[in-house]
Structure formats: structure tokens, C-alpha cells
Amino acid sequence: MDDIGIIAVGGYNEMGRNMTALHVGKDIVIFDMGLRLDQVQIHEDVEVERMHSLDLIKLGAIPDDTVLKGVDGTVRAIVCTHGHLDHIGAISKLAHRYRAPIIATPYTIGLIKQLIKAERKFNAENELVPMNAGETKEISSNLSIEFIRVQHSTIDCVFIALHTPRGALLYANDFKMDRTPTLGEPPDIQRLKQLGKEGVFLMITESTNAGITGKTPSERIAKDMLHDVLVGTEETESGIIVTTFSSHIARINAIVEIAKKMDRIPVLMGRSMDKYVKLAKRMGYIKFPDNLKVYGTRKTVDKAFARIASEGKEKYLPIVTGHQGEPGAVLERISMDGTDYRIETGDKVIFSANVIPTPSTRANRYALETKLRMRGARIYDGVHVSGHACREDHWELLRIINPEHVIPAHGNLVMHSSYVEMAEDTGYVLGDTVHLLRNGEELILG
Ligand SMILES: [Zn+2]
């Protein structure tokens, strides 16, 4: 029986730029090809679309896939779990080097198409294969890929089960155990249990929140929190702006629903809102009310704000980009009085997002909140729940799947260590059945 090789290409030393290669006999399968955005943003004036892969590798922005050069085998498929940039963002830079199809769920494939189209340096001509959760596809005489539905913080997310002669390998990168999602179905726990019973040789899973105790609250809780903040007030005439992740379609859908209760017209603003939400609407994942408008370009955003200012802020609920304080995003421009939407005393700004814990985003966010407060805004912070499993969710998944081996991915060493401690509590042994990998390393399991 062939050994199984696991090559940690990216995302093992950090949050972001996820990429793992599995090596079974002469077949190689790549899971995810992600970007690490903060490594790009600290360098001003970079236009990722025009940059060469080797330069982006040097910056630490995309996975260093040159480690795959020495591996004897053929890449059979590039398979992605969901449409976040830290899982698909490097496809336009790296995929053209492999003569392999890219397999992902339909929404994720839609986003990958947009990335490839926007790319200016390379031309990825890989076949794009949409596959739904619950489906299985053969990728070589020995291997097949199965998608299992999960919940996270965007839509159409899956775990990937790779069926091999050695048993199944489960790539479980980005999930939450959400039994009451506000959009889409709960995780397919029945199938996961069955898979566990059939026998799983190896599980690779995210570890970003493995150090946080307890269970990640359901997305339903975030919707209740938003409802509480937006509807539970006597100050119904003030200006209110909500900012959240553009790719968090369930969250945006919830805000749009609450806007209706408030008798306000929801307006989505920002380049990435245009990108993620319009695609979800076009593909039928969400149904928006007829009065909802999405404005992507700066010109259309400015025109819409001029109209809102003249008709009355109390009639509208702008949902905008810029919760991390990104320079040039809609909220930052509002904070600088760069649009006709003027913040006045008592206007509310609701952050339905966490602060990504890097020094640069913290600094940007601090500056943004300070400017908004100076103009009189009331700040509602952290009206949000995470899309990532916490420690007890990890405990639960690990015991459902009961793999022979487990490897924490998508995180730094501290996050991996938290995962290892949790795994040790349920009987795994470091270096024997739970393994720590760093970018560029290969682990062989015989
Ligand atoms: Zn994600």
C-alpha cells in the first residue's frame, strides 16, 4: 500500500495563504490555493493583479509552491473548500503551472472565474469544474473526491473527503458547527458520522480559534444581536450605517431583512459588495427585495450618497465596506467627510465584524473609529459572531471523525499548539498521531 505524503505548502505558519498537497502513490491532490492579504497591504501601491508569482512568494503573500518541484507525481486536481481569498486568492497566480482541473462548489467557481478574469500577468486555463456538496468525482484510477456540506462565514462551503486505497482523508479547513444557520442548510453531520464509522486515516483541519474556549455561537445569534441593536432603540430617526464582510452573504441577508422591519431602504456599497453579493444573487443563493440597490464603483457610491443626503438619512440603511478601516473603502471615506453622507451627533455606526488581529488592521481601525467619533458617531462594536470553530467544536468534530492521524492547519504555531492540547485531551499523541507541520515540510505516513 502506498505511503501518504502531506506537504504543508502554506497557511501552517500563519493565518492566510492556505495550501496543502497530498501525495498518494504517483498522484498529487492540491487543497486550496490562498492569498495572505495583509502581506500585500503593508506595501503601498501594490496591484496584485499585475504582480509576478515569484515576487508575491517573496512577500509571503502566496504559498511557496516551489517545494512541489521535487515531488515525483502528477497533480490530478486543485480542490477548494470555499470562496474566501485565503483559500482561492492565489489560483490566478499559481494554477497555470499545473495541468489539472480546479474543482469547487458553484459559488466558489464563480468567484474563481472572476479572479482569473481580473488577473493581468498570467492566464490560468485550467478546466473549472463545479461540484455540489453531497457529490463525488473520480480524479484518478485510485482517488475520488467527495464534498460534504458545512457552515462557515460565506456560502457554499464544504469539507473535502479524498477517498484513497488507504481510507478517507478529510480536509476540514474552515467551518463552524452551526445547527441553526440563517442561510443554507446545517453541516451534514450525518455524513460526517458515517464517514467516521467507515474509517478516516487522516484529518487536516483549521486551528484559528482552537485556543478560544467553548463553542462558536450560531449565526442566528448574530442576527439577533443585529436586530437588538438596529430595532431596539428610541432614536429611530438617526443616521445608521452598518459595515460587514462582503462575502458574508448570510449576514448581509439578515441586515437586509432587518432593514425592512425598520422601514428603511437597504443600500449595499463598495467594490467587494458588488463582487460577492451580485454573484450570490445572480446564482440564486439569495433573493433580495426589489428596492435593494448595490453600488460598486466610487462614482455610483457618491451619487447614491448625494441622493440619500437630500432625501433624508433616516429613510436608508447603507451597508458598506471598510470595517477594518481599509484606506479608500466606503466607511473610511465617510469618516473623512469624503462623501455627501455627513456624520452628525448621534448617528450610529455598527461594526458587524471582528477586528482582524494584525498590527496594521488594528491601527487602521483605531484611526477610523477616532475619526467617526470626532464627527459625533456612536460606535457599536463587535455585533458579530465568528465563522470559525472554537475549542469544543473542534473536540466534537475530532470525536465524530475519529481519524487515525490529525494535523492542525490554517493558523500560527500558537493556534496549532492549542489544537494539539485539545487533541491530547481525547487521546492523541504529539508526533505519533497528532502532528505539527511548518510551511515547506512534508510528513510521510506509512
Ligand atoms: Zn474562510
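The values are calculated or read from the model by the stated rules, or taken from the named source; none is laboratory data. Note that the structure is predicted; figures quoted are calculated from it, not measured. Cβ atoms come from the backbone with ideal geometry, glycine included; neighbour counts cover every protein chain shown. These accessible areas exclude ligands, DNA and RNA; they are computed on the full protein's heavy atoms, side chains included. Shrake-Rupley method; radii C 1.70, N 1.55, O 1.52, S 1.80 Å.
The Cα atoms of segment 65-185 give a gyration tensor whose axes a ≥ b ≥ c have a/c of 1.5 or more with a/b no greater than b/c, which makes the shape oblate. Computed on protein heavy atoms with a 1.4 Å probe, the accessible areas place T213, T300 in the order T213, T300, largest first. Annotation: for a label point projected 7 angstrom from Cα along Cα→Cβ of E404, residues of segment 1-26 with backbone N closer than 11 Å are 1-4. Summary: within the chain, the longest segment free of GluC sites (Glu not before Pro) located in DSSP loops with at most 15 other C-beta atoms within 10 Å is 238-343. Counted residue by residue at 0.36 nm each, then reduced by the alpha carbon distance between them, the extension gain from V231 to D337 reaches 35.5 nm.
The alpha carbon gyration tensor of segment 219-380 gives principal lengths a ≥ b ≥ c with a/c below 1.5, which makes the shape rounded. FRET efficiency for the pair K193 and L54, taken as 1/(1 + (r/R0)^6) with r the Cβ-Cβ distance and R0 = 60 Å, rounds to 0.85. Cross-linked pairs K299/K371; K113/K293; K275/K313; K117/K371; K113/K371: Cα-Cα separations exceed 28 Å for K117/K371; K113/K371. Here the label points at I379 and L430, each 7 Å from Cα along the C-beta direction, are separated by 3.8 nm in the simple model.
Over the chain, the fraction of Cα-Cα pairs per 20 Å bin, rounded to whole percents and listed from the shortest bin up, is 25, 56, 18, 1. If you take the Cα centroid of segment 234-311 and the Cα centroid of segment 143-196, the two points sit 30 Å apart. The mean sequence separation of alpha-carbon pairs under 8 Å and at least six residues apart, normalised by the residue count of the chain, gives a relative contact order of 18 percent. Counting only DSSP H runs of at least 4 residues, each contributing -39500 (n - 2.57), and dividing by the residue count of the chain, the helix-based mean residue ellipticity at 222 nm comes to -9000 deg cm²/dmol.
Surface analysis of segment 16-128 yields an accessible area of 41 Å² per residue, using protein heavy atoms and a 1.4 Å probe. Of the residues M422, M15, the one with the largest accessible area comes first in the ranking M15, M422, computed with a 1.4 Å probe on protein heavy atoms.
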